[in-house]
1. Could you please find all residues in the range 1-47 being among the β-branched types (Val, Ile, Thr) and closer than 18 Å to Arg184 by Cα?
2. Give the number of residues within the range 125-167 that are buried (at least 21 other Cβ atoms within 10 Å of the Cβ), within 14 Å of the chain's Cα centre (by Cα) and assigned to a helix (DSSP H, G or I).
3. Looking for something touching a residue at least 40 places away in the same chain (Cβ under 8 Å), surrounded by fewer than 18 Cβ atoms within 10 Å (Cβ to Cβ), on the phi < 0 side of the Ramachandran plot and assigned to a helix (DSSP H, G or I) - is there at least one such residue anywhere in the range 98-105?
4. Looking at (1) of a type in the set (S, T, N, Q); (2) in a helix (DSSP H, G or I); (3) surrounded by 15 or more Cβ atoms within 10 Å (Cβ to Cβ), which is the one condition that is false for Ser36?
5. Within the range 7-42, can you find the residues that are free of Cβ contacts under 8 Å to residues at least 60 places away in the same chain and out of contact with any strand residue (DSSP E or B) (no Cβ under 9 Å at 6 or more places or on another chain)?
6. Among Glu16, Glu12, which is the only one that is touching a helix residue (DSSP H, G or I) at 6+ places or on another chain (Cβ under 8 Å) and either in a loop (DSSP other than H, G, I, E, B) or among the aliphatic types (A, V, I, L, M) (or both)?
7. Look through the range 184-213, keep the residues that are free of Cβ contacts under 8 Å to residues at least 24 places away in the same chain and in contact with a Ser or Thr (Cβ under 9 Å, 6 or more places away or on another chain), and return whichever of them is nearest to Pro85 (Cα to Cα).
8. Select, from Arg113, Arg64, Arg104, the only residue that is modelled with pLDDT of 95 or more, of a type in the set (Lys, Arg) and farther than 26 Å from Val177 by Cβ.
Amino acid sequence: MSSPHAPMPGAEGLAEPLRSRWSPSVFDADHVLADSDIETLLSAAQWAPSAGNSQPWGYVVVPRGTEAHTAFIAHLSRGNAGWVPRASLILVAGTQVGPAPDGRGPKSADYARHDLGQASAHITLQARSMGLHAHQFAGFDHASAAAELGVPDHVALMTGIAIGVHLEPGDPRLEEVSADDRAREERPRERKPLAEIAFASRWSQAWSASDRS
């Protein structure tokens, strides 16, 4: 089904699932994700690149309806407490920022954070290829959630990924969703122009496709 959010002007030439990816805030609270689908999503992270093949990332798997779900959503920020619990699945993402008890660890905590981002991006795109949507978020009490979920000290919780099926306009269940969360769906999707993120020779010099100097 087409979406008013994707593809956006300038994104038409991207490959799927990049072209149709966006981050909804209204999920179908009745949808249940099969364990096999969860495994596929996690496999996407498993095969993401990392510095020296260190694979520093980790995810706490929190399907809706589980004890872990009840425990985690208690630590969500006010802005996320309305929409995140409706998702079929939450993956709570952390990465190793120090040595484990056996002494092993990433060469750099900065690289580990970068690598977690890559792994999470792989999950997001895999979700879209499966007809799902993913919305990454950071609004939760990280320290309390880490204690609740038994995250060791050498791992830093970074973000969560809410995954599920988007509740389409016209569905009567939208009445269950707060006005604020419904309004979030209507916000225009905007991106900086390439001239602000791509540079030629020097950071201050905007790159152009026609500029080969």
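The values are calculated or read from the model by the stated rules, or taken from the named source; none is laboratory data. Computed from a predicted model, the values in this text were never measured in an experiment. Counting neighbours? That spans all protein chains shown, and the Cβs are built from the backbone with ideal geometry, glycine included.
1. Val26, the sole residue that qualifies.
2. Of the residues in the range 125-167, 2 are buried (at least 21 other Cβ atoms within 10 Å of the Cβ), within 14 Å of the chain's Cα centre (by Cα) and assigned to a helix (DSSP H, G or I).
3. No, the range 98-105 has no match at all.
4. (3) is the only condition that Ser36 fails.
5. Pro7, Pro9, Ala11, Glu12, Gly13, Leu14, Ala15, Ala34, Ser36, Glu39, listed by residue number.
6. The match here is Glu16.
7. Leu194
8. When all the criteria are applied, what remains is Arg113.
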